[in-house]
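Have a look at the structure below before the remarks.
All of the numbers you see were taken from the coordinates with simple rules; none came from a lab. As the structure is a computational prediction, the values presented were derived from the model and not from experiment. Please note: Cβ atoms are built from the backbone with ideal geometry, for glycine as well, and neighbour counts cover all protein chains shown.
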Amino acid sequence: MDRAALTVAEVFRRYGDVYRDEVGSSLSTAQRRVMIAIERCRTAALGGHVEQCDRCGHTRVWYNSCRDRHCPTCQSLARAAWIERRQAELLLVEYFHVVFTVPEEIAAIAYQNKRVVYGILFRAVAETLRTIAADPKHLGAELGFFAVLHTWGSTLVHHPHLHCVVPGGGPSPDGTQWVSCRPGFFLSVRVLSRLFRRLFLNALEVAFDDGALQFFALLEPLHDRQAFVRYLAPARNAEWVVYAKPPFAGPQQVLDYVGRYTHRVAISNSRLVHIDDGQVRFRYKDYREDGHQQKTMRLAAPEFIRRFLLHVLPRGFQRIRYYGFLGNRARHQKVAQCRKLLAMPAPPAPVDKTEAPEDYRDRYEALTGCSLRICPRCQDGHMLVIEHLVGARCGPTISDTS
C-alpha cells in the first residue's frame, strides 16, 4: 500500500473491528477509547476544513486530529511546544541519561496495577537519585531532573522503565555554590541500583498491605501474602538494571534527544514498513546484538494491536515528571539561581503570545520547515479556508469493562 498510509491509525481502521471481536470484554474502557480516537484521527468523523488557493484554485481538505497522547500522528506539535518550554531551563553543564528498569516479575504486577506500580516506580527513582546525590560521599548537591516513563521494548512487548535526564551537578545544600560531578561520571550505578531496589520493593509491600494491588489470571494466587513474598524473592536477590549512558555532547543535544524521546508511545509511524494481508511489518533494533542491529518484525495485525494497547496509560496519569530544582514548585526561581551560580547569562525574555494565539500552521512550519500556507501546486498562491466541516457530534457508546 502507499507509503503515506503507513500509520498505526490505518492498522486500527483496517483491523480494529477484528481485534475487538476476538478479545471481547477483556478490552478495557481506556483501551477502547484509545482505539476509537486513533481510528477517527484525521478523518471526516472529527470534522475539519477545506482550503483553496487564491491564485490557481487548487483545493484540499484537512481533517482534525484526535489529540490523544497515545496517537503517533498527533505528537509532533505537542513535542515542539514542550521543547520550547524546556529551552530556558538548560544549563551549561554535562547532562546524563540514566535508565531504571524493573525485573520481569515486577513488570507482570505493573501491567495489572498500572497506576499504583508506575507511581511507585517514579517515586522510588526520584528518591534514589536525590538521596545519593545529596550524600557528600557521592556528590553533596541538590539535583534537578525530569523522568519519562516508557513501558515498551523495541518489539512493543511490555517493558516498563524510566528514563531520566539529569544535569551533572546541582546547588550545594546552602545554595551558595554549584557542585559538579566528575567529568564523564555521574553517580555509581551499583549504589543507585541497590537503593532503587530496596525503595521500590518496600513501597510495593506497603501497597500490598494497603490492599492497593489486584491480581488476575496467572497472578491470582498472589492475593495470599506468603505467595506474594515468595514471588518477590527472586527480585530481592537479583541485580536491578540501572544504566547510565555516556554524557550528552552539550545542552543542544539534550533538546534534540528529548524531542525524539518524550512524546512517543510504543512505536512511531515511521517504523512501519508494510500493512497488508492481515500482517504488519515494522523495523526494530535488536539490542542483544552489537551495534543494535536494525531488523524487521512481522506480526499478525491483531497481535500488533494487542501489543500497542499494552501501553495505554491510566486516564490522567502523568508520564513526564519533574524533580528537585526542576520541580514545578519554584522552578523558575531555582533555575535562575542555578544559572547565577554557573555565571550563565539570563535567557531571552519569553515572547508575549497573549494578543494573538499561535496558529497551528506557524508551529508546523517552525517544526518541519514546510509551509502549509503556500499552495503545493503552483507554489505561488496562498491557501485560504473556504469551508468548515462539522464532525460527528458524538462517538460510539463505550461500555465500562474496566
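Numbers at a glance
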{"quantity": "Subset of the range 150-193 [part of a strand (DSSP E or B), over 30 Å from Ser268 (Cβ atoms) and out of contact with any helix residue (DSSP H, G or I) (no Cβ under 8 Å at 6 or more places or on another chain)]", "calculated": "Gly169, Val179, Ser180"}
{"quantity": "Identity of the residue in the range 309-339, touching a strand residue (DSSP E or B) at 6+ places or on another chain (Cβ under 9 Å) and part of a helix (DSSP H, G or I), that ends up nearest to Asp277 (Cα to Cα)", "calculated": "Arg331"}
{"quantity": "Within the range 164-189, considering residues that are of a type in the set (Val, Ile, Thr) and within 25 Å of the chain's Cα centre (by Cα), the one surrounded by the most Cβ atoms within 10 Å (Cβ to Cβ)", "calculated": "Val166"}
{"quantity": "One residue from Arg288, Arg319, Arg281 being among the basic types (Lys, Arg) and exposed (fewer than 12 other Cβ atoms within 10 Å of the Cβ)", "calculated": "Arg288"}
{"quantity": "Residue satisfying all of: in the range 292-308; in a strand (DSSP E or B) and among the hydrophobic types (A, V, I, L, M, F, W, C); farthest from Leu156 (Cα to Cα) among these", "calculated": "Ala300"}
{"quantity": "Candidates Arg14, Arg40, filtered to the one that is surrounded by 15 or more Cβ atoms within 10 Å (Cβ to Cβ), over 25 Å from the mean Cα position of the chain (by Cα) and not aliphatic (A, V, I, L, M)", "calculated": "Arg14"}
{"quantity": "Qualifying residue in the range 70-88 (condition: in contact with a strand residue (DSSP E or B) (Cβ under 6 Å, 6 or more places away or on another chain), buried (at least 18 other Cβ atoms within 10 Å of the Cβ) and either hydroxyl-bearing (Ser, Thr, Tyr) or under 29 Å from Cys375 (Cα atoms) (or both))", "calculated": "no"}
{"quantity": "Odd one out for Asn202 among (1) within 27 Å of the chain's Cα centre (by Cα); (2) surrounded by 20 or more Cβ atoms within 10 Å (Cβ to Cβ); (3) not aliphatic (A, V, I, L, M)", "calculated": "(2)"}
{"quantity": "So Arg197, is it touching a residue at least 24 places away in the same chain (Cβ under 8 Å), surrounded by 14 or more Cβ atoms within 10 Å (Cβ to Cβ) and among the charged types (D, E, K, R)", "calculated": "yes"}
{"quantity": "Filter result for Val280 (among the β-branched types (Val, Ile, Thr) and touching a residue at least 40 places away in the same chain (Cβ under 8 Å))", "calculated": "yes"}
